[in-house]
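Asks: Mind looking over this structure? Questions follow.
The values are calculated or read from the model by the stated rules, or taken from the named source; none is laboratory data. Since this is a predicted model, take the numbers as computed values, not measurements. Note: ideal-geometry Cβ built from the backbone for every residue, glycine included; neighbour counts use all protein chains shown. Side chains are part of the model used for accessible areas, which takes the heavy atoms of the whole protein and leaves out ligands, DNA and RNA. Shrake-Rupley method; radii C 1.70, N 1.55, O 1.52, S 1.80 Å.
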Amino acid sequence: QVQLQESGPGLVKPSQTLSLTCTVSGGSISSGDYYWNWIRQSPGKGLEWIGYIYYTGSTNYNPSLKSRVTISVDTSKDQFSLKLNSVTAADTAVYYCARTLVRDQLLLTYWGQGTLVTVSS
Amino acid sequence: DIQMTQSPSTLSASVGDRVTITCRASQSINKWLAWYQQKPGKAPKLLIYKASSLEGGVPSRFSGSGSGTEFTLTISSLQPDDFATYYCQQYTSPCSFGQGTKLEIK
């Protein structure tokens, strides 16, 4: 059974870069069957899809965040990462990583438990 | 981008009730609609995909219907474990979610 676990700082200062990593266990990130996603949830904006990466490094980002987002993958560690730059208080949210089957578009079948990131000085 | 609108925002019901939640898309999404259940402090859990297909392990009291722009989630007989928040999602790219329906105990 695949498991996903988010990790990273819980507090980020305004204007800095938010960095999170998702570690995949119970399966290989190099399987060609899946996209590896980041989603966030805040009281103000609800659930918001950030983007995904394929094991080859190909990415797809939400246009609303595209200018500030980078998702990367490390297949040797079965990890993928999120960087969101120039953060403000509006980026305070619970951040989730999740897996989707390539054939099922963005149907989010497996999720990590989520990690709260607060943007504050 | 496609906007998803759920109603109601809050629903009060009793164990054994039949409840229905509605989700509307701002443009046709065919049947690319999923429903998730979320409990406090937990990640959303997939219940239904392709508008009406039940995810494995999900009780049969959950059902979904609709196509195009209007969809419904029905719980036929509420159980204590069902009190949670429910979200719809259209899962074409970029995907988008409804704002959620909180199902409360009356």
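Asks: Restricting to lysines 8 or more places apart or on different chains, can you count the pairs in chain B with Cα atoms under 15 Å from each other? Intermediate values should be presented prior to the final figure.
Replies: Values: B:Lys31/B:Lys50; B:Lys39/B:Lys102; B:Lys42/B:Lys102; B:Lys45/B:Lys102.
Lysine pairs meeting the criterion: 4.
Asks: In nm, to one decimal, how far is the B:Ser93 label point from the B:Ile2 one, both placed 7 Å along Cα→Cβ?
Replies: The two pseudo-label positions are separated by 1.4 nm.
Asks: Here is a further query. Tell me the accessible surface of A:Val24 in square angstrom (1.4 angstrom probe, heavy atoms of protein chains only), to the nearest ten.
Replies: Its heavy atoms expose roughly 10 Å² to the probe.
Asks: At q = 0.12, 0.22, 0.23 Å⁻¹, what log₁₀ I(q)/I(0) does a Debye calculation on the Cα points of chain A give, no solvent, two decimals?
Replies: Reported log10 I(q)/I(0), two decimals: -0.38, -1.29, -1.41.
Asks: Taking C-beta distances below 4.7 angstrom as the pairing criterion, name the unpartnered cysteines of the protein assembly as shown, in sequence order.
Replies: B:Cys95, each lacking another Cys Cβ under 4.7 Å.
Asks: For segment A:27-121, what is the accessible area per residue in Å², given a 1.4 Å probe and the full set of protein chains?
Replies: Values: 4080 Å² over 95 residues.
Per-residue value: 43 Å².
Asks: Keeping all protein chains in position, work out how much accessible area B:Glu70 exposes to a 1.4 Å probe, and write it in Å² to the nearest 10.
Replies: That residue has around 90 Å² of solvent-accessible surface.
Asks: Counting only Cα, what are the radius of gyration and maximum Cα-Cα distance Dmax of segment B:51-106, in Å?
Replies: 12.3, 37
Asks: Additional query: Using Cα pairs closer than 8 Å and at least 6 residues apart in sequence, work out the relative contact order for segment B:2-78, in percent. All intermediate terms of the calculation are to be shown ahead of the outcome.
Replies: On the way: 153 pairs, mean separation 26.6, N = 77.
Over segment B:2-78, the number comes to 35 percent.
Asks: With every protein chain kept in place and ligands, DNA and RNA left out, what is the accessible area per residue of segment B:1-104? Probe 1.4 Å, answer in Å².
Replies: Working: 4520 Å² over 104 residues.
Per residue, segment B:1-104 has an accessible area of 43 Å².
Asks: With every protein chain left in place, what is the accessible area of A:Lys13 in Å² (1.4 Å probe, nearest 10)?
Replies: For A:Lys13, the solvent-accessible surface is approximately 100 Å².
Asks: At a threshold of 8 angstrom on Cα-Cα distance, excluding pairs fewer than six apart, so keeping six or more, what relative contact order does chain A reach in percent? Spell out each step's value before the answer.
Replies: Values: 293 pairs, mean separation 42.5, N = 121.
Once divided by the residue count of chain A, the mean separation gives 35 percent.
Asks: On to the next question. Convex hull over the Cα atoms of the protein assembly as shown, averaged projected area in nm²? Let's see the in-between values first.
Replies: On the way: hull surface 47.9 nm².
Value for the protein assembly as shown: 12.0 nm².
Asks: Quick one: which bits of segment B:77-106 get at least 10 Å² less accessible when the partner protein chains are in, versus the chain alone, with a 1.4 Å probe?
Replies: Checking the loss per residue gives B:Tyr87, B:Gln89, B:Tyr91, B:Thr92, B:Ser93, B:Pro94, B:Cys95, B:Phe97.
Asks: Tell me the total accessible area that B and A bury against each other, 1.4 angstrom probe, in square angstrom rounded to 100. Don't jump to the answer; show the numbers that get you there.
Replies: Details: alone 5540 and 6250 Å², together 10300 Å².
The summed interface area works out to 1500 Å².
Asks: First measure r as the distance between the Cβ atoms of A:Ser67 and B:Ser53, then evaluate 1/(1 + (r/R0)^6) with R0 = 45 Å and state the FRET efficiency to the nearest 0.05.
Replies: Details: r = 36 Å, r/R0 = 0.80.
Once the sixth-power term is evaluated, E becomes 0.80.
Asks: With only alpha-carbon atoms counted, please give the Rg and Dmax of segment B:11-106, in Å.
Replies: Calculated on Cα positions, Rg and Dmax stand at 12.6, 37 Å.
Asks: How about segment A:34-59: which of its residues lose at least 30 Å² of accessible area in the presence of all protein chains relative to their chain isolated, using a 1.4 Å probe?
Replies: Buried on complex formation: A:Gln41, A:Leu47, A:Trp49.
Asks: Rounded to the nearest Å, what's the spacing between the alpha carbon centres of segment B:37-106 and segment B:1-19? Just the number, please.
Replies: One Cα centre to the other: 9 Å.
Asks: Right, something else. Order the following by accessible area, largest value first: B:Phe97, A:Phe80. Probe radius 1.4 Å; ligands, DNA and RNA are ignored.
Replies: Details: B:Phe97 20, A:Phe80 0 Å².
Ranked list, largest accessible area first: B:Phe97, A:Phe80.
Asks: Let me ask you something else. On the accessible surface of the protein assembly as shown, probed at 1.4 Å, how many percent belong to carbon and sulfur atoms?
Replies: Numbers: 4720 of 10300 Å².
For the protein assembly as shown, the apolar C and S fraction of the accessible surface comes to 46 percent.
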